[in-house]
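Provided herewith is a single structure, encoded as structure tokens, for subsequent inquiry.
The values are calculated or read from the model by the stated rules, or taken from the named source; none is laboratory data. Quick caveat: nothing in here was measured; it's all calculated off a predicted structure. All Cβ positions, even for glycine, are placed from backbone atoms using ideal geometry, and neighbour counts span all protein chains on display. Ligands, DNA and RNA are excluded from the accessible area calculation, which covers all protein heavy atoms including side chains. Shrake-Rupley method; radii C 1.70, N 1.55, O 1.52, S 1.80 Å.
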Amino acid sequence: MKCDYCGKSVDGLPHKCKFCGKIHCYKHLQPENHECKKLLPHSWPIGISKPIKTEEVEQEPISDPIRNPIPPRTPKTSKKLKFSDRIKEYLLNKYDNLLSWLKRRERHAYDFQSRFNYVLTTTLIFVVAIIGFSIFYSNAQKLNEINLWIIKLEGVLILTSLFFAVKYGWRIIKEIFNLFERQRNWLKYLVIILILIFLWQAYTNKAEVLNPVFDVYNRTNFSLFVPIGFGNFSLNTESYSKSNKINSGSSGSKGGWFDSSSRDVGIIEQEILVLINEERQIYGAQTLTSKSELNNYARVWSDKMISQGFFEHSDLNYYYPSIAGENIGETPIHYNVEGCGSTYRNDEMAECFVSGWIGSPGHHENMIDKRFSMTGIGVSCDSSKCRATQVFSG
């Protein structure tokens, strides 16, 4: 092994500088002897100057500290660099740090025997916290029935389990890095290359990677995480979402985001009727009137398709001979539906149904048929999709 400063071979154990991370011989071990770039000039203590070679400068006479005292040294103000130079210096510094990190290796071997109990205990607590979080979240409504003044028991338990899951999960990650730093450099490079390949594959297939993440996020009811409530002034956002849903339904405004508390098939049905009547006006057809009997029939059929897991037209002649046409449709609850985009909101779901029917000649013919004057619309949803039925009558 050679010295990074003078190039001579290092006898015995190598000496590594704790500032720049390079290997030096015993003669150039000190930072001032190998001109360590990590030490700035102002970091040297006052009154102690950096050692320099005597042959490079002339010797100055030693002044008498009593007759001719040395004035205190004032720090020199460095010249302000240009913005481009500062960016360049910053990038070079980060590049040096990266190279130093790639070359650095912890020489002490990982003590598996002494760390086993710590890793085992940490992993068990992490697993218990994850299981507890899942149990508390799935039974949040039952726990919410237990009143402890202003304390919401389900929120406290969910946040507590989540805190321990994050805390001990981070400890596991730190232990993995602790083991990683003690590996040989070629193994570290191999792991880095594998991570880069994984990130590239995730980027090229981001739809398959991100879709489950967005689905979990949109299905999560974050109002359950609030640990305190004050009656009508509760920090829980569920009451606000419900009131907002009611207001939007009464005023005919757009619906809220899809989750377990804001899904409203009634708003979707109303929005479908509005959009279809707008399409009929373009072709000079009269506005369709919603009929309660037809709405009930359509809703029953949509509920049956969802509950029994099939997708097909109903027997119109058997149930309602007066019905002359029927459209059915299915739309997934997703942030990226082909031809529709996001369908997490009530209005977006309605637009997706209507745009799908407009794009189908048979369905579109029923929508704009001038013989029809009455209609019934029914929508039913589960956790992943919605199915709609619209019937037409003269």
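Beyond a 18 Å Cα-Cα separation, which of these cross-linked pairs lie in this structure: K37/K188; K18/K88; K18/K103?
K37/K188; K18/K88
R0 = 56 Å: FRET efficiency of S373 with N139, Cβ-based, nearest 0.05?
0.65
Provide the FRET efficiency to the nearest 0.05 for the E35-R115 pair, computing r from the beta carbons and using R0 = 56 Å.
Computed FRET efficiency for E35 and R115 comes out at 0.90.
In region 265-311, if every C-alpha pair distance is counted and binned at 5 Å from zero, what percent goes to each bin?
5, 18, 21, 22, 17, 11, 5, 1
Which log10 I(q)/I(0) values, to two decimals, does region 168-230 give at q = 0.14, 0.21, 0.26, 0.28 Å⁻¹ under the Debye formula with one point per Cα?
Evaluating at q = 0.14, 0.21, 0.26, 0.28 Å⁻¹ gives log10 I(q)/I(0) of -0.73, -0.96, -1.02, -1.05.
Please report, for the Cα atoms of region 107-192, the Rg to one decimal and the Dmax as a whole number; what are they, in angstrom?
Every Cα atom of region 107-192 included, Rg and Dmax give 18.6, 60 Å.
Right, here's the next one. List the equivalent ellipsoid semi-axes of region 323-394 in whole Å, largest first, each obtained as the square root of 5λ for an eigenvalue λ of the Cα gyration tensor.
Rounded to whole Å, the semi-axes are 24, 13, 8.
Taking region 1-34, which trypsin sites (Lys or Arg not before Pro) meet the DSSP loop condition and have no more than 10 other C-beta atoms within 10 Å?
K18
Follow-up question, since we're still on this one. Rounded to the nearest whole Å², what accessible area per residue is found for region 83-194 with the 1.4 Å probe?
76
If you don't mind, there's one more thing I want to ask. For L124 and N185 in one chain, what is 0.36 nm times their gap in residues minus the Cα-Cα distance, to one decimal in nm?
Between L124 and N185, full extension yields 18.8 nm more.
Okay, moving on. Could you list the residues of region 357-394 with an amide nitrogen less than 12 Å from a label point located 7 Å from the Cα of K291 in the Cα-to-C-beta direction?
What the label zone holds, given the 12 Å backbone N cut-off, is 372-377, 391-394.
So which trypsin sites (Lys or Arg not before Pro) in region 309-394 pass both tests, a DSSP loop state and at most 14 other Cβ atoms within 10 Å of the Cβ?
K370, R371
A further question follows. Given the Cα atoms of region 271-394, and with Rh set as the inverse mean 1/r over their pairs in the Kirkwood sense, what is Rg to Rh to two decimals?
0.95
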